[in-house]
1. What are the membrane-span-like helices in the chain by this rule: whole DSSP H runs, Cα extent along the axis at least 24 Å, mean Kyte-Doolittle hydropathy at least -1.0?
2. In debye to the nearest 20, how big a dipole does the chain give about its Cα centre with +1 on each Lys and Arg Cβ and -1 on each Asp and Glu Cβ?
3. As a quick test, which of the pairs Lys15/Lys128; Lys15/Lys82; Lys49/Lys115 have an alpha carbon distance above 32 angstrom in this structure?
4. Lysines near Lys173 by alpha-carbon distance under 23 Å, same-chain residues fewer than 8 away left out - which ones?
5. Quick check: Cα centre of the stretch 156-205 to Cα centre of the stretch 11-76, how many Å?
6. Mind checking the per residue accessible area of the chain for me, 1.4 Å probe, whole number of Å²?
7. Rounded, prolate or oblate: pick one for the chain, where a ≥ b ≥ c are the square roots of the eigenvalues of its C-alpha gyration tensor, a/c under 1.5 means rounded, and failing that, prolate if a/b is larger than b/c, else oblate.
8. In debye to the nearest 20, how big a dipole does the stretch 2-85 give about its Cα centre with +1 on each Lys and Arg Cβ and -1 on each Asp and Glu Cβ?
Amino acid sequence: MSSSINNQDGLKAIKDVYALLLKETQLPTLQLIPLDTYQSIANILSRLKGQAYEGLEVMIRDRMIELISQVALLLLERRLQKIVEQQRSTTSYQSSSASDTPQTTDYPRLTDEEKYILDAEIDSSKRKDYVLEATLSGRPKILESISSKVRSRQILVRFLKPMEQFIGIDMNKYGPFHKEDVARLPFENARSLIGSGEAIEINLM
């Protein structure tokens with residue numbers, strides 16, 4: 001009975017999310033959706049993945065998970081595409097003193113998860129403008145300050161393999177580390193270790 005209930009939940013989730021996607025695709029403006037849309041999708045997927053199934057039900061469960069995931073991805077991408085396009089059409093290059101508030105009337109229609117993504121994209125665009133302005137305005141001190149911040153930036157990583165002691169880009173000693181150790185490392189060193197598969201970043205956000 002419990003698996004039947006979860007299957008019904010899965011089918012309802014597919015219909016609900018698809019209806020949101022269809023409306024978002026058909027209309028040019030950003031639609032107002034339930035603020036807990038992505039949390040609800042995550043809850044449904046969690047229940048489906050956590051339920052014990054047998055035989056044919058496993059295939060049905062896996063197909064529902066695939067469909068819900070695909071439709072959720074398309075919904076998120078379409079909504080972000082709309083908001084970014086509106087953002088670009090209503091703003092021009094801004095100075096570093098510009099407001100941190102996204103300049104779009106549709107911003108309140110976003111879920112918190114969408115705002116989290118959009119805010120990062122806006123911050124990236126403003127950083128590009130900041131570097132470009134400092135370069136073209138002949139302000140090397142600002143660029144030196146940016147370089148200093150980049151070199152001093154550190155991130156938290158978890159080691160997947162043992163690591164001997166090494167000298168970081170900041171000339172400080174780090175390690176040795178054992179597998180599963182957690183450490184805060186200079187960004188450049190951490191990026192190298194992550195790229196080689198020796199560590200993974202721990203995202204606290």
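1. Details: long enough: 2-26 (36 Å, -0.36); 56-90 (52 Å, 0.07); 112-136 (36 Å, -0.84).
Within the chain the helices that satisfy the rule are 2-26, 56-90, 112-136.
2. Details: 27 positive and 28 negative charges, 69 e Å.
It works out to roughly 340 debye.
3. Values: Lys15/Lys128 41 Å; Lys15/Lys82 22 Å; Lys49/Lys115 27 Å.
The answer is Lys15/Lys128.
4. By straight Cα distance, Lys173 reaches Lys149, Lys161.
5. Cα centres, the stretch 156-205 to the stretch 11-76: 37 Å.
6. Details: 13450 Å² over 205 residues.
Spelled out: the 1.4 Å probe surface of the chain, per residue, equals 66 Å².
7. Working: a/c = 3.76, a/b = 1.28, b/c = 2.93.
Note, shape of the chain comes out oblate.
8. Details: 10 positive and 10 negative charges, 29 e Å.
With Lys and Arg at +1 and Asp and Glu at -1, about 140 debye.
The values are calculated or read from the model by the stated rules, or taken from the named source; none is laboratory data. Here the structure is a predicted model, which means the values were calculated and not measured. Neighbour counts are summed over all protein chains in view; Cβ atoms, including those assigned to glycine, are modelled from backbone coordinates with ideal geometry. The protein model used for the area step is the full one, side chains on, heavy atoms only, and it has no ligands, DNA or RNA in it. Shrake-Rupley method; radii C 1.70, N 1.55, O 1.52, S 1.80 Å.
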